[in-house]
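Chemist: Got a structure here, written out as C-alpha cells. Questions coming.
The values are calculated or read from the model by the stated rules, or taken from the named source; none is laboratory data. Everything numeric here is computed off the predicted structure, so don't read it as measured data. With ideal geometry, Cβ positions are generated from the backbone for all residues, glycine too; neighbour counts draw on all protein chains shown.
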Amino acid sequence: MKHLLICALLVSGTVFAEDAAIREDVRTVKESVLELNRDLYELERELLSPATTRAAFHVTLNHGEFFEPLSIELSVDGDMELQHLYTERQVKALRMGAVQPLGDLNLAPGKHDVTVVVRGINHLGQGRELSITETVTKTGKPLITELVIIDREELQSARVQLKYW
C-alpha cells in the first residue's frame, strides 16, 4: 500500500510538471503568433499603402466655444472618402485638446482638390456648416493633414482650416 501511494505521488508530480511545461509552451506560441500578426499587419499596410501614396487626416478643435461639430465629411477630387459622426464624449475630448485621426487614404502624387464639410451647432444653438476646398499637392512623402476648427472671437463664429505636418 505504501509503495502504491508513493508511485501515485510520483506519477501525479510528473503530470503536473508536464502540464506546467505545456502551459509555458502555449504561452510562448501565443506571443509568437501575436508578434507575427503585428509584423504581417505592418507588411500589409506598407504594401497596400506605401509612403508614396499615404495621406492621413486628423481633426482638432481650437477652443470650441462658438461651434460644436456633429459630423464631418472629407472629399478628394469630388469623391466622398471619409466621414464621421461625433458623440458628446468625442466633442468633449476635442475641446480638451485631443487629436482625432479621421482616416488614411491612398493618393497618387500630384494635385488633388480636398473638400471638408463640418456640420454642427453654433453657440446660439443654430445649425451651421463650415466648409473649405483647397488644392493639395501630394509628393512622394506621406501627406499628414490636420483639419482645425478655429474660433473667431471677433465674429463670434468659427472656421475650418487645413494645416500640413
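Chemist: Are any residues in the stretch 84-104 surrounded by 15 or more Cβ atoms within 10 Å (Cβ to Cβ) and either modelled with pLDDT under 90 or in a loop (DSSP other than H, G, I, E, B) (or both), and if so, which ones?
Modeler: Correct list: Tyr86 only.
Chemist: Kindly indicate the residue of the stretch 56-77 that is charged (D, E, K, R) and closer than 19 Å to Glu134 by Cβ and also surrounded by the most Cβ atoms within 10 Å (Cβ to Cβ) among those meeting that condition.
Modeler: Glu73
Chemist: Evaluate the stretch 57-67: report whether one residue or more is in the same structural domain as Val160 (by TED's automatic domain parsing), assigned to a strand (DSSP E or B) and in contact with a helix residue (DSSP H, G or I) (Cβ under 6 Å, 6 or more places away or on another chain).
Modeler: yes
Chemist: Can I ask one more? If I ask for residues that are surrounded by fewer than 16 Cβ atoms within 10 Å (Cβ to Cβ) and in contact with a strand residue (DSSP E or B) (Cβ under 8 Å, 6 or more places away or on another chain), which ones from the stretch 135-147 would you list?
Modeler: Hits for the stretch 135-147 are Thr135, Thr137, Ile144.
Chemist: Being in the same structural domain as Ser157 (by TED's automatic domain parsing), basic (Lys, Arg) and out of contact with any Cys (no Cβ under 6 Å at 6 or more places or on another chain) narrows it down to one of Arg38, Arg27, Arg119, so name that one.
Modeler: Just one listed residue meets the conditions, Arg119.
Chemist: Still on this model: Give me the pairs: first residue in the stretch 87-98 and of a type in the set (S, T, N, Q), second residue part of a loop (DSSP other than H, G, I, E, B), beta-carbon distance under 9 Å, and six or more apart or on different chains, which are they?
Modeler: Cβ pairs passing all conditions: Gln90/Ala98.
Chemist: Okay, next question. Could you figure out which of (1) closer than 17 Å to Gln156 by Cα; (2) modelled with pLDDT under 90 isn't true of Pro69?
Modeler: (2) is the only condition that Pro69 fails.
Chemist: If a residue must be exposed (fewer than 12 other Cβ atoms within 10 Å of the Cβ) and either in a strand (DSSP E or B) or at pLDDT 95 or above (or both), how many such residues does the stretch 108-127 contain?
Modeler: Of the residues in the stretch 108-127, 3 are exposed (fewer than 12 other Cβ atoms within 10 Å of the Cβ) and either in a strand (DSSP E or B) or at pLDDT 95 or above (or both).
Chemist: Now, a different point. Look at the stretch 151-165 and say how many of its residues are among the polar types (S, T, N, Q) and touching a Phe, Trp or Tyr at 6+ places or on another chain (Cβ under 8 Å). Working first, answer last.
Modeler: Residues of the stretch 151-165 among the polar types (S, T, N, Q): 156-157, 161.
Filter again for touching a Phe, Trp or Tyr at 6+ places or on another chain (Cβ under 8 Å), leaving 156-157.
Count: 2.
Chemist: Let me spell it out: the conditions are (1) surrounded by fewer than 17 Cβ atoms within 10 Å (Cβ to Cβ); (2) charged (D, E, K, R); (3) outside any helix (DSSP H, G or I), and Glu81 meets all of them except one. Which number is the exception?
Modeler: (1)
Chemist: Mind listing just one residue for me: the one in the stretch 36-55 that is part of a loop (DSSP other than H, G, I, E, B) and surrounded by 12 or more Cβ atoms within 10 Å (Cβ to Cβ) and, of those, modelled with the highest pLDDT?
Modeler: Thr53
Chemist: Right, another one. Within the stretch 110-165, restricting attention to residues that are in contact (Cβ under 8 Å) with a residue 60 or more places away in the chain and among the hydroxyl-bearing types (Ser, Thr, Tyr), which residue is nearest to His58 (Cα to Cα)?
Modeler: Filtering the stretch 110-165 for residues that are in contact (Cβ under 8 Å) with a residue 60 or more places away in the chain and among the hydroxyl-bearing types (Ser, Thr, Tyr), the one nearest to His58 (Cα to Cα) comes out as Thr145.
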